[in-house]
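Structure first, then comments.
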Amino acid sequence: LKALANAPADKRYGLYLELREDQVNNPNFYFDVANYFYDNGDKEKALLVLSNIADLGLENHQLYKSLTYVLRQWESYEDALFTANQVAKWREQEPQAHRDLALTLEDNKQYQAAFDELIKALEVNYFGEMSGQYSGVEDIILMDLNRMIQEHSVIKTDKLDKKYLNTMPVAIRIILNWNQMDTDIDLHVIEPTNEECYYGHRDTEIGARFSKDFTQGYGPEQYLLRNAVKGKYIIKSNYYGERTLTENGPTTVMVEVYTSKNGVIGRKIQTIQLGK
């Protein structure tokens, strides 16, 4: 990265190709360089560098989760759909894989397919191989289902049991996802009142609620607030994990922030690579 920063702008991609010779099988190298190009305003080169990870031929779902997160943040939705589809094929027993795919289908304006994929995520968790292992993830999926119904009037809901159809208005909804299977990452939200909401303090004075603490798998963990208090909300992640570099790539978290005002839902996605 220092070498790239010191090179003239028109020489940087050529320098990357030279540096790659010693890093060809290191996913972290590609993520670092891609983020460098993206942060310096060259999204085209950033995507080109990221594409090399798929070319490594590693059928690694944790690595592809990182790719999906980054591509979604960069609004490269078609590429993200490819990587999310791959993860859902490789890990069809995991509700998180189906949720990631559903949200990526929604990004690509395939709203009915997205809704149906979320139903599949529910069914996998209730009746599939992972039944009971991810207890609590269904609460997050149900919030997604009802949000989609509210946002996209074209969705047909007949495949979903009517007992799950329920308007769930919230002013702020924050979801923390991560890609590494054996990593424990915790979501913390500090409210404008300085009260901190997390797995050890799940209900706050202003009415926030926190989801179940996930200490294995990929989360997600969720913060909900029905009526927002004006001010700054600080989002933190507490990372319990190794700093070793593996073919899984960097430990990556994706934060989804949904806000609602006068019935209009806004969304922001932010990815962060940890352990550096």
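The values are calculated or read from the model by the stated rules, or taken from the named source; none is laboratory data. Fair warning: this is a prediction, and the values are worked out from it, not measured in the lab. Don't worry about glycine lacking a Cβ; one is built from the backbone with ideal geometry, like all the others, and counts go over all protein chains shown. All accessible areas refer to the heavy atoms of the entire protein, side chains included, with ligands and DNA or RNA removed. Shrake-Rupley method; radii C 1.70, N 1.55, O 1.52, S 1.80 Å.
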Check: Considering only the range 151-179, how many residues are touching a helix residue (DSSP H, G or I) at 6+ places or on another chain (Cβ under 8 Å), polar (S, T, N, Q) and at pLDDT 85 or above?
Finding: 3
Checklist line | Breaking point among (1) surrounded by 14 or more Cβ atoms within 10 Å (Cβ to Cβ); (2) in contact (Cβ under 8 Å) with a residue 40 or more places away in the chain, for residue 192 | finding: (1)
Check: So residue 22 fits all but one of (1) open to solvent by 50 Å² or more (accessible area, probe 1.4 Å); (2) touching a residue at least 60 places away in the same chain (Cβ under 8 Å); what number is the exception?
Finding: (2)
Check: Only one of 17, 4, 71 is touching a Phe, Trp or Tyr at 6+ places or on another chain (Cβ under 8 Å), part of a helix (DSSP H, G or I) and either surrounded by fewer than 23 Cβ atoms within 10 Å (Cβ to Cβ) or modelled with pLDDT under 95 (or both); which?
Finding: 4
Check: Since residue 96 meets every condition but one in (1) modelled with pLDDT of 95 or more; (2) under 13 Å from the mean Cα position of the chain (by Cα), which condition does it not meet?
Finding: (1)
Note to self: For residue 196, only one of the following conditions fails: (1) over 21 Å from residue 103 (Cβ atoms); (2) at pLDDT below 95. What is its number?
What the structure shows: (2)
Check: Listed residues 86, 62; which is under 30 Å from residue 139 (Cα atoms), at pLDDT below 95 and part of a helix (DSSP H, G or I)?
Finding: 62
Note to self: It is to be established whether one or more residues within the range 119-129 are over 17 Å from residue 91 (Cα atoms), modelled with pLDDT under 85 and not in a helix (DSSP H, G or I).
What the structure shows: no
Check: In the range 142-170, what residues are in a helix (DSSP H, G or I), more than 18 Å from residue 110 (Cβ to Cβ) and open to solvent by less than 80 Å² (accessible area, probe 1.4 Å)?
Finding: 142, 143, 146, 164
Notebook entry, point to check: Does residue 206 fit the bill of being under 20 Å from the mean Cα position of the chain (by Cα) and modelled with pLDDT of 90 or more?
Noted result: no
Margin query: Report every pair of residues separated by at least 6 positions or lying on different chains whose Cβ atoms are under 8 Å apart, first residue within the range 251-276 and more than 12 Å from residue 173 (Cα to Cα) and without any contact (Cβ under 8 Å) to a residue 40 or more places away in the chain, second open to solvent by 40 Å² or more (accessible area, probe 1.4 Å) and of a type in the set (Lys, Arg).
Written below: 275/243
Notebook entry, point to check: So which residues in the range 210-259 are at pLDDT below 95, charged (D, E, K, R) and assigned to a strand (DSSP E or B), if there are any at all?
Noted result: 221, 236
Check: In the set 141, 190, 119, 206, which member is within 17 Å of residue 254 (Cα to Cα) and not acidic (Asp, Glu)?
Finding: 141
Note to self: Step by step: first the residues of the range 25-68, then only those that are under 24 Å from residue 90 (Cα atoms) and among the acidic types (Asp, Glu), then the one that is least open to solvent (accessible area, probe 1.4 Å). Which residue is that?
What the structure shows: 55
